[in-house]
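Peer 1: Here you go, one structure.
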Amino acid sequence: MTHTTEKPGTGPADIPAHAAFARDLGEFVTASPSSYHAVATAAAALEAAGFTALDEAQPWEIGPGRWYTVRDGALIAWVSPSGAAPGTGYRILGAHTDSPGFKLKPRPTTVTHRWYQAGVEVYGGALLNSWLDRDLRFAGRLVVSGADGAPRTVLTSTGPVARIPQLAIHLDRSTNDGLALDRQRHTQPVWGVGDAQDADVLAVLAAAVHAPTAGSVTPNGGGTSEGNALTVDPADIMGYDITVADTQAPELIGAQQNLLASGRLDNLTTVHAGLRALVEHAEELESAPQVSVLAAFDHEEVGSATRSGAAGPFLEDVLVRIGAARGDSTDEHRRALAESVCLSSDAGHLVHPNYPGHHDPVNTPEPGRGPLLKINAQQRYTTDAVGAAVWAHACDVAGVDYQEFVSNNGVPCGSTIGPITATRLGIRTLDVGVGLLSMHSARELVHTGDLFALHRAIGGFWRG
């Protein structure tokens, strides 16, 4: 059933709060063209809110307080309350930092009829046609060698330098009858023009290096540093993880300015909402009955089976170390997991006005009606009756509405980190999220009121 409690935050006087929150998300997306940038941006916000960074390779001397740690393109932050004892449980918000798109291949520079092109591989389930004829940038991390031979990890993000050009309709009159893109031949971005000997996309990436990744050492031998401006020799690049990102700024659109059009809403909506909630409620959570955890994983769009993905050991490693610091025995650690809950929050689907037949005819999520409780009989989403009650209570605490999402029986749904977390750790898990149109497009669409309601519901989950 749809929850219908009246709440603040939905009347005309509150629309500016929704818009301000959406604009803040837009700034977060702009600063986070890759998972590594998202982690660095989140880490900076946590540092400003009094969270202390922990290096996984060093001993942890931790107790009550605010903490976070980074593993590649993933981040886990938590607030340990002053009353935490052996066996104290966890309330975990799970999200992911990656989005579908393209990643740079090895030997990435090609030249075709004087067009410089970048060799890319499709990443995840991208809507390929949405990437055509858009101004694109390259972003991610480089590993470079220093003067002492030690590798250093830095971030890079270019301006609008690339484009995947569509074939003119004059050269294919059947295009509008059904566009078919070959993943190899038709998706390689153009990024310049000239002679083959002058083309080097790695030089473009080296020139755009601007900061170290969160938790890494600032380069002190691979170039010179002046503030955030770094100089890296392309010959010193030892490895890279580079994605393609849209450069069009997020924009509030619609007659009431209550729709946000942006890239990477799946799933920076939850990363941002959880980050804001954890920071805003940190003082209150320091006296909560549980440890409040934000887990932002990488690689969800390709199955999560990596060291920084939800199927890897990152969350388990952190929970074991938190428990060890407070003296948990093996039995107490298992008890803590048994009383814990994970809120797996990822983007979901609103009813598409042009394709209503693709949705369940009775459960019809609509824009501005609140975030989604996601349910699936095949357990592609892990919500059960107990989890539904947890979500209902969180929304009651926050004073927000929610809606249920279930797939049309003829249209199988995707999945999330929820089943992975439940299987790996045995923690009760439920699936929620904010509804979108154009999911997995280069530019997705969300209602600002739903964004703000998700943020408040996450706060209610931790505070409740």
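The values are calculated or read from the model by the stated rules, or taken from the named source; none is laboratory data. Please read these numbers as outputs of a predicted model, since none were measured by experiment. Note that we place each Cβ from the backbone using ideal geometry, even for glycine, and neighbour counts take in every protein chain shown. We work out accessible area using only protein heavy atoms, side chains counted, and drop any ligands, DNA or RNA first. Shrake-Rupley method; radii C 1.70, N 1.55, O 1.52, S 1.80 Å.
Peer 1: Look at segment 84-133 and say how many of its residues are farther than 30 Å from GLY433 by Cβ and surrounded by 23 or more Cβ atoms within 10 Å (Cβ to Cβ).
Peer 2: 2
Peer 1: For segment 162-211, which residues satisfy the criterion of being outside any loop (DSSP other than H, G, I, E, B) and open to solvent by 70 Å² or more (accessible area, probe 1.4 Å)?
Peer 2: Those that are outside any loop (DSSP other than H, G, I, E, B) and open to solvent by 70 Å² or more (accessible area, probe 1.4 Å): ARG163, ILE169, HIS170, LEU171, ASN176, ASP177, VAL193, GLN197, ASP198, ALA207.
Peer 1: Only one of ASP195, ASP172 is at pLDDT 95 or above and charged (D, E, K, R); which?
Peer 2: Among ASP195, ASP172, only ASP195 is at pLDDT 95 or above and charged (D, E, K, R).
Peer 1: If you check LEU337 against the conditions, is it surrounded by 23 or more Cβ atoms within 10 Å (Cβ to Cβ) and either over 15 Å from GLY94 (Cα atoms) or assigned by the TED database to the domain that holds PRO59 (or both)? Show your work before the answer.
Peer 2: Details: surrounded by 23 or more Cβ atoms within 10 Å (Cβ to Cβ): no; either over 15 Å from GLY94 (Cα atoms) or assigned by the TED database to the domain that holds PRO59 (or both): yes.
For LEU337, the condition - surrounded by 23 or more Cβ atoms within 10 Å (Cβ to Cβ) and either over 15 Å from GLY94 (Cα atoms) or assigned by the TED database to the domain that holds PRO59 (or both) - is not met.
Peer 1: While we're here: Residues of segment 70-83 being open to solvent by 10 Å² or more (accessible area, probe 1.4 Å), under 28 Å from TYR240 (Cβ atoms) and in contact with an Asp or Glu (Cβ under 7 Å, 6 or more places away or on another chain), which ones?
Peer 2: ARG71, ASP72
Peer 1: In addition: Given the options GLY387, GLY449, GLY435, GLY410, name the one that is more than 25 Å from TYR90 (Cβ to Cβ), free of Cβ contacts under 8 Å to residues at least 60 places away in the same chain and of a type outside the set (S, T, N, Q).
Peer 2: Only one candidate passes the filter, namely GLY410.
Peer 1: Let me ask you something else. Return the pair list, or none, for Cβ contacts closer than 6 Å from residues in segment 166-193 that are more than 12 Å from VAL120 (Cβ to Cβ) to residues that are open to solvent by 50 Å² or more (accessible area, probe 1.4 Å) and not aromatic (Phe, Trp, Tyr), at least 6 apart or on different chains.
Peer 2: GLN166/ASP133; THR175/ILE169; LEU179/ASN129; VAL193/ARG114
Peer 1: Right, here's the next one. Among the residues of segment 334-360, how many are in a loop (DSSP other than H, G, I, E, B) and free of Cβ contacts under 8 Å to residues at least 40 places away in the same chain?
Peer 2: Of the residues in segment 334-360, the ones in a loop (DSSP other than H, G, I, E, B) are 339-340, 346-347, 350-355, 360.
Checking which are free of Cβ contacts under 8 Å to residues at least 40 places away in the same chain leaves us with 351, 353-355.
Result for segment 334-360: 4.
Peer 1: For VAL397, indicate whether it is of a type outside the set (Asp, Glu), surrounded by fewer than 20 Cβ atoms within 10 Å (Cβ to Cβ) and either under 16 Å from ARG369 (Cβ atoms) or modelled with pLDDT under 95 (or both).
Peer 2: Criteria not met by VAL397.
Peer 1: I would also like to ask the following. Is it the case, given these coordinates, that LEU155 is under 22 Å from the mean Cα position of the chain (by Cα) and either among the β-branched types (Val, Ile, Thr) or open to solvent by less than 10 Å² (accessible area, probe 1.4 Å) (or both)?
Peer 2: Taking the combined requirement at face value, the residue satisfies it.
Peer 1: Further question: Answer yes or no as to whether ALA325 is surrounded by fewer than 17 Cβ atoms within 10 Å (Cβ to Cβ), of a type in the set (A, V, I, L, M) and in contact (Cβ under 8 Å) with a residue 12 or more places away in the chain.
Peer 2: Here the answer is yes, as ALA325 does meet what is asked.
Peer 1: A follow-up question, please. Is it the case that segment 381-390 has a residue that's of a type outside the set (A, V, I, L, M), in contact with a Gly (Cβ under 7 Å, 6 or more places away or on another chain) and open to solvent by 40 Å² or more (accessible area, probe 1.4 Å)?
Peer 2: Taking every residue of segment 381-390 in turn, none turns out to be of a type outside the set (A, V, I, L, M), in contact with a Gly (Cβ under 7 Å, 6 or more places away or on another chain) and open to solvent by 40 Å² or more (accessible area, probe 1.4 Å).
Peer 1: I would also like to ask the following. Looking at GLU316, is it crowded, with 24+ Cβ neighbours inside 10 Å, assigned by the TED database to the domain that holds ALA77 and in contact (Cβ under 8 Å) with a residue 40 or more places away in the chain?
Peer 2: Spelling it out, it is not the case that GLU316 is crowded, with 24+ Cβ neighbours inside 10 Å, assigned by the TED database to the domain that holds ALA77 and in contact (Cβ under 8 Å) with a residue 40 or more places away in the chain.
Peer 1: With the requirement that a residue be part of a strand (DSSP E or B), touching a helix residue (DSSP H, G or I) at 6+ places or on another chain (Cβ under 8 Å) and either over 30 Å from VAL291 (Cβ atoms) or modelled with pLDDT under 95 (or both), what does segment 411-444 give you?
Peer 2: The answer is LEU436, GLU444.
Peer 1: Going through segment 340-358 one residue at a time, which ones are buried (at least 18 other Cβ atoms within 10 Å of the Cβ) and either of a type in the set (Gly, Ala, Ser) or modelled with pLDDT under 95 (or both)?
Peer 2: Selection gives SER340, SER344, SER345, ALA347, GLY348.
Peer 1: Let me ask another. Could you tell me which residue of segment 255-302 is farthest from ALA31 (Cα to Cα), considering only residues that are polar (S, T, N, Q) and open to solvent by less than 10 Å² (accessible area, probe 1.4 Å)?
Peer 2: Among them, the one singled out is SER292.
Peer 1: Looking only at segment 291-313, which residues are touching a Ser or Thr at 6+ places or on another chain (Cβ under 6 Å) and either assigned to a helix (DSSP H, G or I) or touching a residue at least 60 places away in the same chain (Cβ under 8 Å) (or both)?
Peer 2: Scanning segment 291-313 gives VAL291, ALA296, ASP298, HIS299, ALA310, ALA311.
Peer 1: May I pose another question? If you scan segment 234-265, which residues turn out to be touching a residue at least 40 places away in the same chain (Cβ under 8 Å) and either in a loop (DSSP other than H, G, I, E, B) or among the aromatic types (Phe, Trp, Tyr) (or both)?
Peer 2: TYR240, THR247, GLN248, ALA249, PRO250, GLN256, GLN257, ASN258, GLY263, ARG264
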